[in-house]
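Let me begin by presenting the structure, written as structure tokens, before commenting on it.
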Amino acid sequence: MDSPETHSKKREAPALKVGEGSSSSQVLVKPGHREGPLQPNKQKQLATSRSLVHYLRGRAVSTWSSAGLQGFEGKLHSYTVLRLPEILTEHQLALGTLNKVFASQWLNSRQVVCGTKCNTLFVVDVQSGQINRIPLMRDRMPALTRDQPTCGIHAIELNPSKTLLATGGENPNSLAVYQLPTLDPVCLGDRHGHRDWIFAIAWMSDTVAVSGSRDGTMALWRVDPDKFIGSSPWHNDASLPLYTHIHPKDIESIPRASSNPSNRKVRALAFSGKNQELGAVSLDGYFHLWKARSHLSRLLSIRLPYCRENVCLTYCDELSLYAVGSQSHVSFLDPRHRQQNIRPLCSREGGTGVRSLSFYQHIVTVGTGLGSLLFYDIRAQKFLEERASASLDSFLGPTGRKLKLTCGRGWLNHDDLWLNYFGGVEEFPNALYTHCYNWPEMKLFVAGGPLPSGLHGHYAGLWS
């Protein structure tokens, strides 16, 4: 496919610029300068140098320089990222009677691991739809927590090398670590850790993870799988898997806000690998920045501009920006510059909240409480727009309408609570609590469930 320049032989170039639209620097022509027409071979070179066909041929015979290849491939990838959302189509996945998917991560090109409100950890094959449940790790003294209501699994994170997976245990206060790709249990952080549910997890390195809890604390864990695996047999006499019980290396409390001291629950975490810093969002409306080494050291706390229902956080290394999702906005933070020059975006989804966020290059993907996906271009500071139908002799143009992908109905349990308290309404929009991309294969996994806490149901879909 050629670039627009190769289709415009009859269109005259601007009077004062040669090479406009290319990545090379522009050459200004002085007024009155009589520049003759380009020679045919030079004109052809200018046109084809911006051609995808020319790029592929050049790569095949190694005529491109390393810098040229990287530059063109970078532009091509950025264009793909920008255009992918508008060509995605949905394939819904059936999850039986599971209740509300809160967390998800791709394991490979076919499998996604998920955690639910009903405290189920499972792997789904997005091609076949097959579901395999993963046994949860149990505390050394589980009798102390069996009467406690469960909130389910809110976080699943893979370490950078994708050799370990961290999530919640049978007791949602405990941190469970599994080995990949086998998903064999490695260790369980149930000793001297959190006193309430784990809401968020972030890996600092391949062997160090931090968990954030509803009890207002953050715990730093060190995981050495070789040490743990070698210290005890994998299975006992009953062929049940064994694992090591560990305690955190450090645990710190979120500072109490004077305006709302009882609501300092840690709701979301995001790690900056470039700065080796950890961002945390608490439900009292604050963003906290920590330095994470052998222990946690708080650097600063910032009052968020929109402080209701701050439940998700993501970070972009390329732009050095944190994005925080709230009831109806996404706020952008650069902790090194108190004066923020990127205005917050409003989801305009009826106050149902931003429920999931992800950053990839300059595109922010927003999952809302009304079952829709929105896409925001941070460079242009506007949402991606739908594009008009193309005629044979014109390029696709924006319509001015926000590009929105609306997810399907999913499954809803028609139980007594649904009948008595929600009037038997047949359909509720699904809050999109989690989404994750498989960029090499241009796939997007999205999942969630009905927003009202009392309703039992789920949604899961593969967009490709």
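Details
- For the stretch 155-197, the relative contact order comes to 29 percent (Cα pairs under 8 Å, sequence separation of at least 6).
- Gyration tensor verdict on the stretch 251-375 (Cα atoms; rounded if a/c is under 1.5, prolate if a/b is larger than b/c, oblate otherwise): oblate
- For the peptides 323-330, 364-371, 85-92, 409-416, the ranking by mean Cβ contacts within 10 Å, running from highest to lowest, is 364-371, 323-330, 409-416, 85-92.
- Annotation note: GluC sites (Glu not before Pro) in the stretch 293-365 located in DSSP loop regions with a Cβ neighbour count of at most 13 within 10 Å are 318.
- Cleavage-rule hits (trypsin sites (Lys or Arg not before Pro)) in the stretch 261-294: DSSP loop, at most 12 neighbouring Cβ within 10 angstrom: 274, 293
Rule-based calculations on the coordinates, nothing more; no lab input. Worth saying up front: this structure is predicted, and the values here are computed from it rather than measured. With ideal geometry, Cβ positions are generated from the backbone for all residues, glycine too; neighbour counts draw on all protein chains shown.
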